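Okay, so here's the structure we're looking at.
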Protein chains: 2
Amino acid sequence: MTQSRLNKLTASLRTSGLSAVALNPGPTLTYLSGIGFHLMERPVVLLVAPDQDPVLVLPELELPKVELFPYKIQAFAYGENPSEWDDAFRKAAQALGLDGKRIGVEPRQMRLLEFRHVKAGAPEADYPDATDVLSGLRLKKDKAEVDAMRKAVKIAQDALEATIPQMKIGMTEKELASELVMQLLKHGSESEMPFAPIVSAGPNSANPHASPTKRKIQVGDLLVVDWGAAHDGYISDLTRTFAVGEVDEEYQKIHKIVQESNAAGRAAAKPGVPCANVDIAARDVIERSGYGKYFTHRTGHGIGMEGHEAPYMRGDNMQLLEPGMAFTVEPGIYLAGRNGVRIEDNLVITEDGADCLSDMPREIRVVG
Amino acid sequence: MTQSRLNKLTASLRTSGLSAVALNPGPTLTYLSGIGFHLMERPVVLLVAPDQDPVLVLPELELPKVELFPYKIQAFAYGENPSEWDDAFRKAAQALGLDGKRIGVEPRQMRLLEFRHVKAGAPEADYPDATDVLSGLRLKKDKAEVDAMRKAVKIAQDALEATIPQMKIGMTEKELASELVMQLLKHGSESEMPFAPIVSAGPNSANPHASPTKRKIQVGDLLVVDWGAAHDGYISDLTRTFAVGEVDEEYQKIHKIVQESNAAGRAAAKPGVPCANVDIAARDVIERSGYGKYFTHRTGHGIGMEGHEAPYMRGDNMQLLEPGMAFTVEPGIYLAGRNGVRIEDNLVITEDGADCLSDMPREIRVVG
């Protein structure tokens, strides 16, 4: 499977005007190799060019991983002393004849650490952004990938259902986040979580990217839980918003608006329409309700091995949806300093519509 | 506290020849601000220059975090469309008058994503590696930091003790890793783990950086568990090696050698001696035993907010140990394709020696 993925990459390199790509540890490297490398203070880089065996530069202590590659690679290992590292990168670039060529990179993944060594190895090369070429590889999910995501959604939903009875007034956001992570593991999530859950209540829920704090959950809070599980390297990314005891009428109202917005976004998702349509459909509901300026982010992002990948559900994204594309629909309303709501589902485009992988109730549920 | 850290940074900038530093989300940014930002596909960068309020470039949806800063900052927020982002970075660089100056960066943390935008904002600036200046800030831990690390060690040790009775023949490495993470959370670790535990048995234990697999634990395996907890943003990073049932005599022997090596490394740690001494003392035990070429990595790395930071216990590192420096001592022997051993402790240098924060038994223990 990884061999055919590699072939697909070299085919797209031929049409993209790139001579090679340079990949550091991250989803693309894992997708192409089936191997997990971590981002360390020692650079690991895979160079892939058409018609040649890929080249891997890595620290000597990672050499056992070379054996795990599903196809032949050339390895250049370096020792513990950083002054030797550039030399390994120079040999690697020479092996593929890369200097002066166009070597694509992933700016969201590659650090200056790796980049500066790659560049020392091929100082005359250009390093264009290859995100589109590379994310194109992973854009349309095959059946095995969708099955893994479906399982990751099921694990996440079961874990949250098991956590709901534990949600008690006086608990801190951090305590609730820990309980949720335990339930995710108990229900079978991989121990490398896709992301740390967001558990945010009251004023914190009005920050879409809050981290759990020591603030105690209080009656009258809205409680946003944004969580996911990992299964076979694929993830889920969901959000539900709860009411802690009785909450103000306005908060019940914005919850209902977001629920309608989420439904409208999901209904707009089908093959052949631009990503923008999903955003516009969801945003329209919130704008018509008068809360447009409190919906401060795009409606969704792609999902698969990562929590944030193409395609993006943004009002200006004219990319057409195609079967196999997977993404979130997650509108929200955030009343700064007060309370916020977000409702997030995971969808996969099918031949004639979209399959919503998540089916947990979206109505406001009272906890505490 | 973060104000005094910021003052310390601007003082070191004055003596370092740097006009500013550019920081993306990561430990240094958290250390200086007390705020957790995540690495996203949208760049967040803090620019710090002496005698001026720091400047933060961030997406509009992160604006609530500006309020959390413990000192005055200038914020430049950008919208969802990436074509606007460079403009925010240009304004930010102009606000501090940075173009053409020397702006320090952290190559291990900064991605090309942030770097290319920073550079678009100040195209004539130089971007030297400021790792030494910045890691110098965090190099010597104060009492509160050591207390947090001590707690992180206690949580980790208690969690592993609670996991040992669950270690059963036929269990997969992944299952055991999940159980351990659950115990870490149950014992109070923050839900953002410092790193995913390594649980590797038999041939996998001979790979120092193995990820847990679906391989079942078998009689005769050595079982390496490399794990840690997080408390108040500080982490622990420990390793113990177990015998699954009865193991070959050679494996018992290499365990004993590594245990002696670990003790020698710990004994060499004291103020005023070079980091190299710790590596040399630990390595010498393994070399004298004839297994020198199977100890394929340095003896240790610094520890604090990160699992890998300065100071590094490497044979060529002449940096002198000083009170407050915290690091791991973790020698190992790896017999490729067969079995491996590593024993890792966490130390803090004191006025007259070193305080070993971890005290879990290091002798080989039989499980299964």
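The values are calculated or read from the model by the stated rules, or taken from the named source; none is laboratory data. Everything numeric in this text was worked out from a predicted model, so none of it was measured. Virtual Cβ from ideal backbone geometry, glycine too; neighbours counted across all protein chains shown. Only protein heavy atoms, including side chains, enter the accessible area calculation; ligands, DNA and RNA are left aside. Shrake-Rupley method; radii C 1.70, N 1.55, O 1.52, S 1.80 Å.
Using the beta-carbon distance between B:Glu363 and B:Ala144 and R0 = 35 Å, what value does 1/(1 + (r/R0)^6) give for FRET efficiency, to the nearest 0.05? Plugging the Cβ-Cβ distance into 1/(1 + (r/R0)^6) gives 0.60.
Calculated [222 nm] ellipticity per residue, helices only, for chain A: -10500 deg cm²/dmol; basis is -39500 (n - 2.57) per DSSP H run with n ≥ 4, divided by all residues, nearest 500.
Taking GluC sites (Glu not before Pro) as exposed when DSSP calls them loop and at most 16 other C-beta atoms lie within 10 angstrom, chain B has its longest site-free stretch at B:1-123.
The angle between the Cα long axis of helix A:143-163 and the main principal axis of chain A comes to about 40°, on a 0 to 90 degree scale.
Charge dipole of chain B (Cα centre as origin; +1 on each Lys and Arg Cβ, -1 on each Asp and Glu Cβ, all else neutral): 360 debye, rounded to the nearest 20. Of the trypsin sites (Lys or Arg not before Pro) found in the range B:8-97, the ones in coil according to DSSP and having at most 16 other Cβ atoms within 10 Å of their Cβ are B:Lys72.
Between A and B, buried accessible area from a 1.4 angstrom probe totals roughly 4300 Å², ignoring ligands, DNA and RNA. Converting phi to 3J(HN,Hα) with the Karplus coefficients 6.51, -1.76 and 1.60 and the offset θ = phi - 60°, the range B:132-137 yields 5, 4, 6, 6, x, 4 Hz in sequence order, with x at every glycine or proline.
For the range A:356-366, backbone phi angles converted through the Karplus equation (6.51, -1.76, 1.60; θ = phi - 60°) give residue-by-residue couplings of 8, 6, 9, 9, 5, x, 9, 4, 5, 10, 8 Hz, Gly and Pro being listed as x.
For the range A:174-188, a decrease in accessible area of 20 Å² or greater in the assembled protein chains relative to the isolated chain, with a 1.4 Å probe, applies to A:Lys174, A:Ser178, A:Val181, A:Met182, A:Leu185, A:Lys186.
Comparing B:Gly202, B:Leu47, B:Gln74 along the charge dipole axis of chain B, the residue lying farthest to the positive side is B:Gly202, per the Cβ-charge model. Placing R0 at 25 angstrom, the Cβ-Cβ distance between A:Asp284 and A:Asp232 gives a FRET efficiency of 0.10 after rounding to 0.05.
Between A:Gln319 and B:Glu246, the distance separating the two model label sites (each 7 Å from Cα on the Cα→Cβ line) works out to 5.9 nm.
Label points for B:Asp86 are taken 7 Å from Cα along Cα→Cβ. From this copy to the others they lie 2.9 nm apart, shortest first. Solvent exposure of the protein assembly as shown amounts to 37 Å² per residue of accessible area, where only protein heavy atoms count and the probe is 1.4 Å. Here A:Asp53 yields copy-to-copy label distances, from shortest upward, of 5.9 nm, the label point defined as 7 Å from Cα along Cα to C-beta. Amide H contacts under 5 Å for A:Gly26: A:Phe37, restricted to partners 5 or more places along the chain or on a different chain, H placed in the peptide plane at 1.01 Å from N.
Seen through its C-alpha gyration tensor, with square-root eigenvalues sorted a ≥ b ≥ c, the protein assembly as shown comes out rounded because a/c lies under 1.5.
Please determine, in degrees from 0 to 90 and to the nearest 10, the orientation of helix B:249-267 with respect to the longest principal axis defined by the Cα atoms of chain B, where the helix direction is its Cα long axis. Tilt of helix B:249-267: around 50 degrees. Under the combined filter of DSSP loop state and at most 14 neighbouring Cβ atoms within 10 Å, the range A:1-77 retains these chymotrypsin sites (Phe, Trp or Tyr not before Pro): A:Tyr71.
On the accessible surface of the range B:1-49, probed at 1.4 Å, how many percent belong to carbon and sulfur atoms? Roughly 58 percent of what the probe reaches on the range B:1-49 is carbon or sulfur. Distance between the C-alpha centres of the range A:1-64 and the range A:112-180: 19 Å, rounded to the whole angstrom. Sequence-distant contacts, meaning Cα pairs under 8 Å at least 6 residues apart, place the relative contact order of chain B at 14 percent.
The GNM of chain A, with springs linking C-alpha atoms under 10 angstrom apart, assigns the highest mean-square fluctuation among A:Gly228, A:Gly315, A:Gly290 to A:Gly290. Each other copy holds its own label point for B:Glu161; taking that point as 7 Å from Cα along Cα to Cβ, the gaps run 3.7 nm, nearest first.
Which of B:Ser178, B:Ser12, B:Ser83 moves the most in a Gaussian network model of chain B with Cα springs under 10 Å? Between B:Ser178, B:Ser12, B:Ser83, it is B:Ser83 that shows the largest mean-square fluctuation. Given +1 at the Cβ of Lys and Arg, -1 at the Cβ of Asp and Glu and no other charges, the dipole of the range B:219-259 around its Cα centre is 120 debye to the nearest 20. Couplings for the range B:12-29, taken from phi via the Karplus curve 6.51 cos²θ - 1.76 cosθ + 1.60 with θ = phi - 60°, read 6, 4, 4, 8, 9, x, 9, 7, 6, 10, 10, 10, 9, x, x, x, 5, 4 Hz in order; Gly and Pro are left as x.
What FRET efficiency do you get for A:Lys91 and B:Ala336 if R0 is 22 Å and r is their Cβ-Cβ distance, rounded to the nearest 0.05? Computed FRET efficiency for A:Lys91 and B:Ala336: 0.45.
Compared with its chain on its own, the range A:21-44 contains the following residues whose accessible area drops by 40 Å² or more in the full protein assembly (probe 1.4 Å; ligands, DNA and RNA excluded): A:Met40, A:Glu41.
In this rough spin-label picture, where each label sits 7 Å from Cα along the Cβ direction, the A:Met1-B:Ser4 distance is 5.4 nm. Between the amide H of A:Val367 and those of A:Ala243, A:Val244, A:Gly245, distances stay under 5 Å, these residues lying 5 or more places away or on another chain, with hydrogens modeled in the peptide plane.
Site pair B:Leu68 and A:Ala162 shows an inter-label distance of 2.9 nm when each label is modelled 7 Å from Cα along Cα→Cβ.
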